[in-house]
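Bear in mind that the values in this text are calculations on the coordinates, not laboratory data. Source: prediction; values computed, not measured. Please note: Cβ atoms are built from the backbone with ideal geometry, for glycine as well, and neighbour counts cover all protein chains shown.
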Amino acid sequence: MNELHRTERTAQTEIPTTIQVCETDVPLRVFARDDALRDDLCLAIVTGVEGPSYRPLGAAMVISETGHHWGTLSSGCIEDDVILHARGALASGQGKRLRYGRGSPFMDLQLPCGGGLDITLIPRPEPLVITDALAGLSARRPIRVTITRDNRLVSGRLARGAQTGGQTFELHPRPRLVIFGKGPEARALFEMANATDIEAVLYSPDINPETEATPQAYPFTGPGWPDTVKLDARSAVALFFHDHDKEPPLLAHALSSPAFYVGALGSAAAHATRERALAALDLPWERIDRMVKPFGLVAHARAPHAIAAGVLAQVFEYAKLD
């Protein structure tokens, strides 16, 4: 859920609105081309929502001079018109704001949901802002950008010393799902996650590097946490071992990290056993209690794909930006 922090006023200045948004809703990576940035693109961002909306505040499209586009702003109601205006903004070099639905001058473009959308067009955004944003997201750090009142995009460091007003967007890196385990459940979750915007990686004893060259899938012999895997606040960890003896060191590491989701397959009895094993490793109970239970949203699922689908849905639920 995207949370809109209301603007506060002081005697000196206006604190911009801050909107939390995931990079999966903002296709900024389209700007990157080899060693340079594309300069033929317009950024179109949802900067206002009145009533129900298909897309969240901060969702964006990127549109080229030729009309090619990436991302969505609605369920298909306004995209063609936004593309037309974006091409005009690229030709003129001037940003602009559009209103659709409730209160819009475009009477032939009503939104079926009955709401209203404000879209801000930013042609050829400042390259340094895009470079900073891409670098931060690649390093899996949240980054902030601000849309000023004159429809420019500025980053935190460019905004310092200037009273920009407008709206600030905090972009968070896409969720990353680290999967450990053996058997069809782990593989099914890995494949499903890769079909979404989640960045997935699989460590499994089933993987033979001599016969399999699947990207982001690695052999795992244990017992400890792989040195190359770093966890952050946008990371999730899922374990699928039928031999639960392999779990304690992995769970202890994950539960001591900032990861937003840590869970493991098993019965209630297996969960109680792993809690005792973690306590024996002197892991504090407040960390042990971070383990997700029940594991997955499909109760009593037994088919591998049903289990995997339930876990993936649960990861998406936990990954919401509050």
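Restricting to the chain, compute how many DSSP beta bridges are antiparallel as a %, nearest 5.
Counting only bridges with both partners in the chain, antiparallel ones make up about 60 percent.
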- Note on the structure: For the chain, the Debye formula with one identical point scatterer on each Cα and no solvent gives log10 I(q)/I(0) at q = 0.07, 0.09, 0.16 Å⁻¹ as -0.36, -0.57, -1.23
- Message: If the elastic network links every pair of Cα atoms under 10 Å, which of 149, 176, 234 fluctuates the most in the Gaussian network model of the chain?
- Response: 149
- Once phi is turned into θ = phi - 60°, what whole-Hz ³J(HN,Hα) does the Karplus curve with 6.51, -1.76 and 1.60 give for every residue of the range 76-88, x standing for Gly and Pro? x, 6, 10, 4, 4, 5, 4, 4, 4, 5, 5, 5, x
- When ranked by the protection proxy of mean other Cβ atoms within 10 Å per residue, highest first, what sequence do the peptides 284-293, 45-54 form? 45-54, 284-293
- Listed highest first by mean packing, meaning other Cβ atoms within 10 Å per residue, what order do 252-259, 206-213, 307-314 come in? 307-314, 252-259, 206-213
- Message: Defining a contact as two alpha carbons under 8 Å apart and six or more residues distant in sequence, what relative contact order in percent does the chain show?
- Response: 14 percent
- Whole-Hz Karplus ³J(HN,Hα) for the range 23-33, in order, using 6.51 cos²θ - 1.76 cosθ + 1.60 and θ = phi - 60°, x for Gly and Pro? 4, 5, 8, 9, x, 5, 5, 4, 5, 7, 9
- Query: Which whole-Hz couplings ³J(HN,Hα) result when phi for each residue of the range 95-102 is put into the Karplus expression 6.51 cos²θ - 1.76 cosθ + 1.60, θ = phi - 60°, listed in order with x for Gly and Pro?
  - Reply: x, 7, 10, 10, 10, 10, x, 4
- Task: Specify the angular offset, from 0 to 90 degrees and rounded to the nearest 10, of the alpha carbon long axis of helix 127-138 from the longest principal axis of the alpha carbons in the chain.
- Result: 10 degrees
- Note on the structure: The answer for residue 22, listing residues at least 5 apart or on another chain whose modeled amide H is closer than 5 Å to its amide H, is 172
- Item | Computed P(r) (all Cα pairs; the range 136-242; 5 Å bins; percent) | 2, 11, 18, 16, 13, 9, 7, 7, 7, 5, 3, 1
- Item | Spacing of the two label points (7 Å from each Cα toward its C-beta) at residue 268 and residue 313, in nm | 2.2 nm
- Message: Is the C-alpha gyration tensor of the range 176-318 telling us rounded, prolate or oblate? Criteria: a/c under 1.5 is rounded; beyond that, a/b larger than b/c is prolate, otherwise oblate.
- Response: rounded
- Note on the structure: Output ordering of 294-304, 92-102 (per-residue mean of other Cβ within 10 Å, highest first) is 92-102, 294-304
- Message: Test of understanding: what is the full-extension gain from residue 84 to residue 141, defined as 0.36 nm times their sequence separation minus their Cα-Cα distance?
- Response: 17.2 nm
- Message: For the pair residue 280/residue 99, report the inter-label distance in nm, with labels modelled 7 Å from Cα in the Cβ direction.
- Response: 6.7 nm
